[in-house]
Amino acid sequence: MEVAVRSRTSSNEITEHAIENGADSGNGILLRSPPGIQQNVNIRFSPGVLKVDVECSAPLNHVGPGNSVTLEWTSISYAVKQGKEKRTLISNMCGKASPGTLTAVMGPSGAGKTTLLNVLSGHYDRGYEGEVRVNGWVRNTELFNRQSCYVMQDDVLLPELTVRESLDMSIRLRMPSLPPAKRAHLVNEALSQWGLEECQGTRAGNLSGGQRKRLSIAQEIVSKPPVIFLDEPTSGLDSITALRCVSVMKSLASDGHTVICSVHNPSAKLFSYFDMLYMISGGRCIYNGSVQELVPFLDSQGLHCPIHHNPADYITEIACGEHGEVQSQLSKHFTPPCTDASTGNKMHPSEPRTCYGGRVMKKKELQAALSQHQENVSYFVQFLVLLRRCFLCIVRNKVATQLRLAVYLSFALMLTALFYGIGNEAARVVNNVSFFTLMMSMLLFQSTMPTVMIFPTELRVLLREHRNCWYKPAMYYIARVLTEIPFLLLGPTMMVLIVYWATAQPAEMWRLASVILLSLQTCATTQGLALVVSAASSAETALFVALPASAPSFLFCGFFMPPKLLQPPVAWFTYTSHLYHALQGIMYAIYGGGRGELDCSEDTFCFFAEPEQVLIEAGAEDAFVHVKFGILLAMDVFYKLVAYVILRWRLRIKK
């Protein structure tokens with residue numbers, strides 16, 4: 001009898017072959033699968049043929065053989081400039097991390113643990129010597145970022161999001177194809193694994209230090225990439241929580257992931273969870289091997305660990321020099337010489353090789369690998385998730401909402417008290433022009449200050465998520481700018497409506513609409529200029545630079561000194577001031593368009609009784625509203641494009 005076996009893998013590859021009589025080596029058919037792989041077997045009988053359908057699938061956290069990553073590094077050195085000299089942080093380091101292993105990177109403070117992780121993860125993708133290889137290929141940073149994640153030592157979270165929202169949005173951005181039920185299952189699993197069920201509705205800003213640490217780890221590794229880097233994940237955690245953390249990492253390693261983490265002073269029990277140890281002292285590797293072989297190796301070097309002494313503490317004491325200056329002697333065992341370039345090419349003449357033996361990936365191979373590790377994420381889906389996230393962050397930020405509206409309301413009340421009912425009086429035209437200049441200046445500076453702090457406060461989050469390939473920076477930028485629009489509209493509109501009627505400006509709808517439109521566009525353009533400062537500065541620098549950056553627009557607005565009275569070399573500055581164009585348009589909206597004579601008492605000489613005279617004096621007789629609005633819009637788009645370019649540049653430089 002012939003037996004036909006038809007198998008289907010999780011990638012929908014179908015293989016079919018026949019097993020002749022006796023080929024089954026017994027009375028039954030033995031079906032084997034890799035560890036962690038689930039099989040669904042369907043047996044069907046037909047005359048003379050037994051058909052067996054086998055469907056293989058892997059759980060979400062399992063890394064198949066084709067996706068597992070072996071990471072190797074050879075002769076890695078990294079130095080930084082200190083004045084005119086260079087200081088070497090790590091020197092000539094070599095090592096290997098294999099799938100299914102949990103590797104600990106240990107060493108005293110300042111030994112170079114974080115520097116090594118930064119180089120291996122690609123966070124430092126230039127400025128180092130040596131080579132990092134992924135499955136034998138020279139590492140491509142773009143590809144490796146899709147294969148790995150890096151949980152840094154600092155807890156970088158958005159304080160306005162709850163624990164559940166943080167995990168849910170992490171999955172939505174990186175695995176959008178998951179159905180809601182599976183996504184909810186992953187979130188619940190992460191909450192359970194990391195002991196965050198009780199605080200799942202708490203905002204990140206209100207979490208304890210240990211909870212923040214666990215959440216920052218959970219939201220990065222919830223997508224289970226093949227390679228996971230963690231920089232001191234147990235710091236700030238109690239012993240029980242630290243054991244839980246390492247236990248989760250051990251479980252991930254058992255599922256085929258390559259897990260590398262730095263740890264500081266682990267207990268004996270915690271240390272026993274690790275498979276491999278990479279010990280650093282003074283920027284050099286003094287041990288690279290199995291945790292089980294650590295004590296025998298030290299014995300062979302004449303360094304005997306006491307029976308009841310924690311081996312992790314003992315090797316740390318050696319690294320600190322408490323047992324003599326033996327670090328150089330130990331490091332010689334783990335510093336192999338560099339391979340000559342010609343040797344590598346002779347061994348594999350058809351493959352280009354580096355002097356360290358790594359294969360260089362060709363363009364076609366790179367494109368194929370990138371497509372294999374690329375999640376089919378729609379830019380629109382990324383945009384929607386980021387839009388919702390940014391909106392939640394702004395709405396829940398009381399400073400960005402309630403306080404901002406309160407400031408606009410207070411401005412409106414103060415302007416009303418100063419300029420009440422002056423809008424139609426010819427004798428007070430100068431006061432009315434002063435009123436609009438003051439109103440627009442308030443909008444200018446009030447739009448500047450909240451905006452300049454956007455990127456300095458969120459840049460660390462953006463850097464982490466960009467490095468771990470959560471989304472495209474353009475989608476974040478567009479979502480972040482758009483979420484500011486409702487709050488950009490509400491406050492200024494409320495302020496303009498109050499003061500427009502309180503100061504008795506002309507009661508014609510097109511004039512009111514023009515003033516509101518120009519005011520809002522001025523706020524938007526100011527926001528664009530502030531985004532340039534925000535994208536280019538740190539938090540401290542942004543606060544100092546914000547007002548000087550807005551000052552030229554204020555000083556050259558045409559109110560203090562008309563451009564026709566300025567010296568030619570500086571007169572052109574006026575036309576670069578968006579406040580100047582806004583005031584010109586507002587003057588035309590208030591006094592142009594065939595407005596009738598202004599009120600003037602009989603005992604007063606009114607020089608500006610005719611509105612046209614006001615326009616001539618202000619140089620706004622041809623300042624049509626639609627033209628000025630177009631100029632402001634063009635300046636707004638220009639500033640926002642410049643801000644995006646600077647932000648992308650900073651992301652690249654920070655890497």
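Among the conditions (1) in contact (Cβ under 8 Å) with a residue 60 or more places away in the chain; (2) over 16 Å from T103 (Cβ atoms); (3) not basic (K, R), S267 misses just one, which is (1). Among the residues of segment 466-481, some residue qualifies, meaning at least one is in contact with a strand residue (DSSP E or B) (Cβ under 8 Å, 6 or more places away or on another chain) and closer than 30 Å to F380 by Cα. Could you check, for segment 556-565, whether at least one of its residues is at negative phi and more than 46 Å from the chain's Cα centre (by Cα)? Yes - at least one qualifying residue is present in segment 556-565. Against the criterion of being modelled with pLDDT of 65 or more, in contact with an Asp or Glu (Cβ under 7 Å, 6 or more places away or on another chain) and assigned to a helix (DSSP H, G or I), L330 does not qualify.
Looking only at segment 497-515, decide whether some residue is of a type in the set (S, T, N, Q), in contact with a Pro (Cβ under 8 Å, 6 or more places away or on another chain), part of a helix (DSSP H, G or I) and at pLDDT 90 or above. There is no residue in segment 497-515 that is of a type in the set (S, T, N, Q), in contact with a Pro (Cβ under 8 Å, 6 or more places away or on another chain), part of a helix (DSSP H, G or I) and at pLDDT 90 or above.
Taking M561, is it assigned by TED's automatic domain parsing to the domain that holds S410, at pLDDT below 90 and more than 22 Å from Y408 (Cα to Cα)? In short, yes. Scan segment 174-204 residue by residue and report those that are of a type in the set (A, V, I, L, M) and modelled with pLDDT of 90 or more. Of everything in segment 174-204, those that are of a type in the set (A, V, I, L, M) and modelled with pLDDT of 90 or more turn out to be A181, A184, L186, V187, A190, L191, L196, A204. Screening segment 157-184 for residues that are within 17 Å of R464 (Cα to Cα) and among the basic types (K, R) and picking the one that is surrounded by the fewest Cβ atoms within 10 Å (Cβ to Cβ) gives R172. Is there any pair with a first residue in segment 64-93 that is exposed (fewer than 10 other Cβ atoms within 10 Å of the Cβ) and a second that is modelled with pLDDT under 90 and assigned to a strand (DSSP E or B) whose Cβ atoms are under 9 Å apart and which are 6 or more apart or on different chains, and what are they? What qualifies is K81/R87.
Every residue, every condition in (1) more than 36 Å from the chain's Cα centre (by Cα); (2) within 19 Å of P562 (Cβ to Cβ); (3) touching a residue at least 60 places away in the same chain (Cβ under 8 Å), yes or no:
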{"position": "Y580", "(1), (2), (3)": "yes, yes, no"}
{"position": "I586", "(1), (2), (3)": "yes, yes, yes"}
{"position": "G619", "(1), (2), (3)": "yes, yes, yes"}
{"position": "I631", "(1), (2), (3)": "no, yes, no"}
{"position": "A643", "(1), (2), (3)": "no, no, yes"}
{"position": "L647", "(1), (2), (3)": "no, no, yes"}
{"position": "L651", "(1), (2), (3)": "no, no, yes"}
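Scanning segment 300-325 for residues that are hydrophobic (A, V, I, L, M, F, W, C) and under 16 Å from K269 (Cα atoms) turns up I307, A312, I315.
Across segment 249-260, what is the number of residues that are touching a Phe, Trp or Tyr at 6+ places or on another chain (Cβ under 7 Å) and surrounded by fewer than 24 Cβ atoms within 10 Å (Cβ to Cβ)?
1
Being over 30 Å from R652 (Cα atoms) and polar (S, T, N, Q), is that true of even one residue in segment 522-529? Walk me through how you get there before you give the answer.
Filtering segment 522-529 for residues over 30 Å from R652 (Cα atoms) gives 522.
Those left that are additionally polar (S, T, N, Q): 522.
Yes, because at least one residue in segment 522-529 is over 30 Å from R652 (Cα atoms) and polar (S, T, N, Q).
Scanning segment 390-432 for residues that are more than 24 Å from L488 (Cα to Cα) and of a type in the set (A, V, I, L, M) yields a count of 7.
Each residue in segment 391-445 was checked for being among the basic types (K, R) and in contact (Cβ under 8 Å) with a residue 24 or more places away in the chain, and 2 of them qualify. Give the residue that is modelled with the highest pLDDT, with candidates limited to residues of segment 212-240 that are surrounded by 17 or more Cβ atoms within 10 Å (Cβ to Cβ) and hydroxyl-bearing (S, T, Y). Filtering first and then ranking leaves S216. Note on segment 273-296: among residues that are in contact (Cβ under 8 Å) with a residue 60 or more places away in the chain and in a loop (DSSP other than H, G, I, E, B), the one that is surrounded by the most Cβ atoms within 10 Å (Cβ to Cβ) is F274.
Within segment 228-245, restricting attention to residues that are assigned to a loop (DSSP other than H, G, I, E, B) and not acidic (D, E), the residue that is farthest from H123 (Cα to Cα) is L237. The condition of being assigned by TED's automatic domain parsing to the domain that holds S239 and in a helix (DSSP H, G or I) holds for only one of E220, E197, that being E220.
Out of everything in segment 465-486 that is in contact with a Phe, Trp or Tyr (Cβ under 8 Å, 6 or more places away or on another chain) and β-branched (V, I, T), what residue ends up being nearest to I228 (Cα to Cα)? Per the stated criteria, the residue is I478.
The values are calculated or read from the model by the stated rules, or taken from the named source; none is laboratory data. Everything numeric here is computed off the predicted structure, so don't read it as measured data. Cβ coordinates were reconstructed from backbone atoms using ideal geometry, including for glycine residues, and neighbour counts include every protein chain displayed.
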